[in-house]
1. Could you list, in sequence order, all residues of the stretch 25-52 that are out of contact with any Lys or Arg (no Cβ under 9 Å at 6 or more places or on another chain) and surrounded by 14 or more Cβ atoms within 10 Å (Cβ to Cβ)?
2. Quick check on Leu201: is it modelled with pLDDT of 90 or more and either under 30 Å from Val300 (Cα atoms) or out of contact with any strand residue (DSSP E or B) (no Cβ under 7 Å at 6 or more places or on another chain) (or both)?
3. Does at least one position in the stretch 236-259 carry a residue that is within 15 Å of Met113 (Cβ to Cβ) and more than 11 Å from the chain's Cα centre (by Cα)?
4. Quick check on Met283: is it of a type in the set (A, V, I, L, M, F, W, C) and out of contact with any helix residue (DSSP H, G or I) (no Cβ under 8 Å at 6 or more places or on another chain)?
5. In this structure, does Ile202 turn out to be touching a helix residue (DSSP H, G or I) at 6+ places or on another chain (Cβ under 7 Å), in the same structural domain as Ile126 (by TED's automatic domain parsing), free of Cβ contacts under 8 Å to residues at least 40 places away in the same chain and not small (Gly, Ala, Ser)?
6. Exactly one of (1) crowded, with 18+ Cβ neighbours inside 10 Å; (2) within 24 Å of Leu217 (Cα to Cα); (3) in contact with a Gly (Cβ under 7 Å, 6 or more places away or on another chain) is unmet by Phe115. Its number?
7. Mind counting the residues in the stretch 1-54 that are closer than 24 Å to Leu77 by Cα and assigned to a helix (DSSP H, G or I)?
Amino acid sequence: MNKKEILIKINQLYKIFGKDTSHALELVKNGMSKDELLEKSNCVLGLNNINLNINKGQIQVIMGLSGSGKSTLIRHLNRLIEPTSGEILFNNTNILDLSIKELTQFRQNNMSMVFQKFALFPHKTILQNVGYGLAIQGISKDVWAEKSVKWINRVGLDGYESYFPGQLSGGMQQRVGLARALATDAEILLMDEAFSALDPLIRSEMQNILLDLQNELHKTIIFITHDLDEALKIGDRIAILRDGSMIQDSGPQNIIMNPEDDYVSDFIKDINRARVIQAKSIMSPTNTKSSGPVISDKMVLEDILQIMSDAPSKPVTVKNEAGKVIGKIAMPNLIEGMKRPKSQGTNITG
């Protein structure tokens, strides 16, 4: 998908929990902090003026520490939580204006959710769990069973149709949850800490499965996580929240190279930059081929350094996916790329 098309627009979204939220909202809009609001009004600030565009067919990661508002935000998208103020547009329709009947149809047809703790029905078979969303739409059993088997096989669980969730490992249960979400063919996938309950190796495997499926299906995925490594691996864009406010929203490379403030800088300080930063982020732009090797614009520093170690004086040429020369990298570029950045910087294409 070359041209980015905005599917979801979140505009000036606020959520305040407690009594007299109208007065509390006024206080927040006048600059009152989360802690001060709690102290003076006994209200909790969940979201503070969130503005976010989510592109169609991309993975938008929303991350932050516990209490940052990330799970609160994702639950607004299907109106499990109602906002105090603001709007959420899906294809230019404000979902906050939908009637109960329209909202039910919207949830059934446009959004699926994958939960952290699987949320499978223990008394239903794997086939019944995966087909549940289709069954409640009134689709005949033969049709939903056929579609369910397709997705069970697609996530690597062929042969497990008649098993029950309790007979499967945690990783296998989460595959069932993913298959169930995909079976309804919803355009949007909401994933709230979907892999955080899994062991590291299984978690990495599930991330790879998700990326493989995304390369094929091009769903719009909103993925909640507190793990920056996970965010960098799967996200097309990353929005970082703190105390209900959005601190930065940009591509993974820009997050690493140009953190918005000290909070984001602290978030990324332990990242292995050599394994994350790509050629496009450190190259000097040019359309002229250098004398050294030719590399992809997505090659990471660690691999570039290995290539350049044989002839460190020869810059390498950087090409994009279309094979066009877009830059060159010399040893000073590599050295600069390894430095921890200051809080502010010049934006790059993420």
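1. Of the stretch 25-52, the ones out of contact with any Lys or Arg (no Cβ under 9 Å at 6 or more places or on another chain) are 25-26, 29-31, 33-40.
Across the stretch 25-52, the qualifying residues are Leu25, Ser33, Lys34, Leu37, Leu38.
2. Numbers: modelled with pLDDT of 90 or more: no; either under 30 Å from Val300 (Cα atoms) or out of contact with any strand residue (DSSP E or B) (no Cβ under 7 Å at 6 or more places or on another chain) (or both): yes.
It is false that Leu201 is modelled with pLDDT of 90 or more and either under 30 Å from Val300 (Cα atoms) or out of contact with any strand residue (DSSP E or B) (no Cβ under 7 Å at 6 or more places or on another chain) (or both).
3. Narrowing the stretch 236-259 to residues within 15 Å of Met113 (Cβ to Cβ): none.
Looking through the stretch 236-259, none of the residues is within 15 Å of Met113 (Cβ to Cβ) and more than 11 Å from the chain's Cα centre (by Cα).
4. On the way: of a type in the set (A, V, I, L, M, F, W, C): yes; out of contact with any helix residue (DSSP H, G or I) (no Cβ under 8 Å at 6 or more places or on another chain): no.
Taking the combined requirement at face value, the residue does not satisfy it.
5. Numbers: touching a helix residue (DSSP H, G or I) at 6+ places or on another chain (Cβ under 7 Å): yes; in the same structural domain as Ile126 (by TED's automatic domain parsing): yes; free of Cβ contacts under 8 Å to residues at least 40 places away in the same chain: yes; not small (Gly, Ala, Ser): yes.
Against the criterion (touching a helix residue (DSSP H, G or I) at 6+ places or on another chain (Cβ under 7 Å), in the same structural domain as Ile126 (by TED's automatic domain parsing), free of Cβ contacts under 8 Å to residues at least 40 places away in the same chain and not small (Gly, Ala, Ser)), Ile202 qualifies.
6. Single failed check for Phe115: (1).
7. Residues of the stretch 1-54 closer than 24 Å to Leu77 by Cα: 1, 3-22, 24-26, 28-29, 34, 43-54.
In the following step, the residues that additionally are assigned to a helix (DSSP H, G or I) were identified as 21-22, 24-26, 28-29, 34.
Residues in the stretch 1-54 being closer than 24 Å to Leu77 by Cα and assigned to a helix (DSSP H, G or I): 8 in total.
Conditions tested, residue by residue: (1) hydroxyl-bearing (Ser, Thr, Tyr); (2) in contact with a strand residue (DSSP E or B) (Cβ under 6 Å, 6 or more places away or on another chain); (3) at positive phi.
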{"residue": "Lys124", "(1), (2), (3)": "no, no, no"}
{"residue": "Gln137", "(1), (2), (3)": "no, no, no"}
{"residue": "Glu146", "(1), (2), (3)": "no, no, no"}
{"residue": "Asn153", "(1), (2), (3)": "no, no, no"}
{"residue": "Gln173", "(1), (2), (3)": "no, no, no"}
{"residue": "Leu189", "(1), (2), (3)": "no, yes, no"}
{"residue": "Ser196", "(1), (2), (3)": "yes, no, no"}
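The values are calculated or read from the model by the stated rules, or taken from the named source; none is laboratory data. This one's a predicted model, so the numbers in the text were calculated from it and none came from an experiment. With ideal geometry, Cβ positions are generated from the backbone for all residues, glycine too; neighbour counts draw on all protein chains shown.
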